[in-house]
Amino acid sequence: MVDLPGLTKVAVQDQPADIEEQIYQINAQYGSNPNAILLAVTGANTDLASSDALKLARELDPRGERTIGVLTKLDLMDPGTDASDILHNRVIPLRRGYIAVVNRGQRDIDADLSIRVGLRNEERFFRTHPVYSQNRSILGKCGTTNLARNLNGILIHHIRECLPELKIRIGNMMVDVQSELDALGSSEGRDDPNKLGGKLLGLLSKFSSNFAAMIDGRASNTNQHHDGMPSLPVRGGYGASPPGGLGGMSPNPNRGTAIGAAADELYGGARISHIFHEVFGRSLNAVGAFDGLPEEEIRTTIGNANGTRPALFVPEISFDILVRRQIRRLEQPGVQCVDLVYDELQRIACQSEPTELTRYPNLRDRMMDVVSSLLKRSVGESNAVPGECGTCARFIEWGLNVLPNHLSRPDAAVGEQPGPHRAQLHQHESPRLHRGSRAVARLME
């Protein structure tokens, strides 16, 4: 039962200037609760159509399903008038109707008239009134006792309606909490070092199994992980890459982590496979053998290799110089591929944490630090600059070392079709220049 302040229009004494708005907001805050019964209190000696309480109640309860009209000051109505039409719900109809009450006046309060005596005076007023006492249906809608009985019946009926739903909600909450407790495990063996060691080994093994399952494609991507595999984050699709990135995909560590991955998205090992076979492969294929290598530069390199002596055949050192520069263009796509795989492995590690690990925040932080260090060390080995033992660097150096042997093979140009670049060469140029160009294109493939 909340006794809200009456609506006012003008601020008096030390009240703030916006007192009307403040009182309106207070009433609206409590009255907007769908489980609240609104008692729209209106004086019976005023025009019901101008009632601010009924106006506010209609705003908060447009259908009138939880509004009860309460008429007061019936003892102050003009002689010969009564509120029978209002109590019969004929003036402004409400679904729950109206109830009339007669409260103590200010004179009774000053005279220290008790509430019990005030209730007896109210009952006497309605039983002796010439209109209300003659109609039993109206008399049942008069008095504070009938108002309390009516509100009590509404409360009981509301509890009966809500109780089954409350039981279901409480049952579901208990099931969820019990499932979480079961996932966290029991507290047995908390003080036994031997059992703690076995618990630690079990957590690490479960993390390793989850990680391997996501790499191998055995992890569930639904909210119900019947096989114990971890949940997966929702990621965006493979859109266009930003400038300077690999085409078709870009690493974004700020992707959402909502539980459950969409069925049409790749994750885990499938995503890494997509990076290698689609994104990385497409980037390598986009590197043209003759991109940024005009014919004039080829001729200049050949001339520099000849020196002062004119040569009948094109020296192989010129091809070695040109192709080495072109092969080094493959290094940047490889480095970007490593970065993409590293980002995906980091996400897989975060998603592979067992549920029980939340009980041990220090262990979780330490384990993730170790995993992150391992991944960073592997990235460092892969992205090492030429001269160090990096995977990408070794790949480039392998291409540069195999180049002379490939060019020296007599069948280096066998099976190659003349490309557009070869078609542009003049017929009077050396045939070995044509064969060398095709060999470079074949090596790039």
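The values are calculated or read from the model by the stated rules, or taken from the named source; none is laboratory data. Small disclaimer: the values here were computed from a predicted structure and weren't measured. With ideal geometry, Cβ positions are generated from the backbone for all residues, glycine too; neighbour counts draw on all protein chains shown. The area values use the complete protein model at the heavy-atom level, side chains included, leaving out ligands, DNA and RNA. Shrake-Rupley method; radii C 1.70, N 1.55, O 1.52, S 1.80 Å.
Couple of notes before you dig in:
Residue-wise test of (1) at pLDDT below 90; (2) surrounded by 17 or more Cβ atoms within 10 Å (Cβ to Cβ); (3) touching an Asp or Glu at 6+ places or on another chain (Cβ under 9 Å).
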| site | (1), (2), (3) |
| --- | --- |
| GLY80 | yes, no, no |
| ARG90 | yes, no, no |
| ALA100 | no, yes, no |
| ASP108 | yes, no, no |
| ARG124 | no, no, no |
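- Any hit, the range 197-213, residues being in contact with a His (Cβ under 8 Å, 6 or more places away or on another chain) and either closer than 21 Å to ILE99 by Cβ or loosely packed, with under 13 Cβ neighbours inside 10 Å (or both): no
- Tally of residues being open to solvent by 20 Å² or more (accessible area, probe 1.4 Å), assigned to a loop (DSSP other than H, G, I, E, B) and farther than 20 Å from GLU123 by Cβ across the range 58-78: 5
- Taking each residue of the range 163-186 that is within 27 Å of PRO354 (Cβ to Cβ) and looking for partners that are at pLDDT 80 or above and not in a helix (DSSP H, G or I) with beta-carbon atoms closer than 9 Å, six or more apart or interchain, yields ALA183/PRO354.
- Conditions (1) in contact (Cβ under 8 Å) with a residue 40 or more places away in the chain; (2) out of contact with any helix residue (DSSP H, G or I) (no Cβ under 6 Å at 6 or more places or on another chain); number of the one not met by GLU122: (1)
- When restricted to residues that are polar (S, T, N, Q), surrounded by 11 or more Cβ atoms within 10 Å (Cβ to Cβ) and in contact with a helix residue (DSSP H, G or I) (Cβ under 8 Å, 6 or more places away or on another chain), the range 10-42 contains 3.
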